[in-house]
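The values are calculated or read from the model by the stated rules, or taken from the named source; none is laboratory data. Here the structure is a predicted model, which is why all the values come from computation and not from measurement. Note that each Cβ is placed from the backbone with ideal geometry, even for glycine, and that neighbours are counted across all protein chains shown. Ligands, DNA and RNA are stripped out before the accessible areas are found, and what is left, the full protein with its side chains, is counted by its heavy atoms. Shrake-Rupley method; radii C 1.70, N 1.55, O 1.52, S 1.80 Å.
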Amino acid sequence: DSAAPRPMISPPLDRDLDDEELVELERFLSSPSIAETSMELYSLDGFFAAILSGPRTSVPSVWLPWIWDCERGERSPEFETVEQAQRMLGLVMRHYNSVARALMDADEPFEPIYPDGDIDAAISWCAGYLTGVSLDPGGWEELVCAEPRWFGPILSLGEVDEEGAEPGPRQLRR
């Protein structure tokens, strides 16, 4: 008599990812099957900040493909098992919810997850934010034009210049 497999129990979607779970998600995003196209963890954090702070609501079916393919939003990861797919999607959604809660918390200013002083992580976060903005350029245009100072640091760090060089520490002095 064989026992039926027990369903994998996921933590509630309203629980922030702990450090081990952030590392687990980061490892998956950098796994060989999607490393060339997926967002980095810091980009994902910025991406969620843009989606959630944007002028219009965006549903997961629109933005989820961009996590796995940040250039075109066309690739999907090849999960090894259904359990892995559930686990990774659960981690993604929990982090999305964490960013949403942080943005809505009126008592505390929003803080990205990248470490203070880590320029590469800040560049990645800003690039992710701009990817989120690019999903609704019409919605963002009025706000960006009305308040360009709000977006200057993100634009400076998150965009590649015309010569193809990635932004660097010099943009912090603007």
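The charge dipole of the chain, taken about its Cα centre with unit charges on the Cβ of Lys, Arg, Asp and Glu (plus for the first two, minus for the last two), comes to roughly 360 debye. The accessible surface of the chain, taken with every protein chain in place and a 1.4 Å probe, is 52 percent carbon and sulfur. Considering helices alone, the calculated mean residue ellipticity of the chain at 222 nm is -17000 deg cm²/dmol, with DSSP H runs of length four and up weighted by -39500 (n - 2.57) and normalised per residue. The GNM of the chain, with springs linking C-alpha atoms under 10 angstrom apart, assigns the highest mean-square fluctuation among MET39, MET93, MET104 to MET104.
Between the beta carbons of SER31 and ASP107, assuming R0 = 41 Å, the FRET efficiency works out to 0.65 to the nearest 0.05. If you sort the three axes of the alpha carbon gyration tensor as a ≥ b ≥ c, you get a/c of 1.5 or more for segment 8-69 and a/b no higher than b/c, which makes it oblate. Highest GNM mean-square fluctuation, the chain, Cα pairs closer than 10 Å: which of ASP116, ASP107, ASP14? The residue with the greatest mean-square fluctuation here is ASP107. Within the listed set PHE79, PHE48, PHE28, the Gaussian network model of the chain (springs between alpha-carbon atoms below 10 Å) gives the highest mean-square fluctuation for PHE79. Candidates MET39, ALA49, LEU25 compared by Cα position along the dipole of the chain: farthest toward the positive end lies ALA49, with charges placed on Cβ. For CYS70, the accessible surface of its heavy atoms amounts to roughly 40 Å² (probe 1.4 Å, protein chains only, rounded to the nearest 10).
3J(HN,Hα) couplings calculated from phi for segment 77-86 with the Karplus curve 6.51 cos²θ - 1.76 cosθ + 1.60 (θ = phi - 60°) are, in sequence order, x, 9, 6, 6, 9, 4, 4, 5, 4, 4 Hz; Gly and Pro show x.
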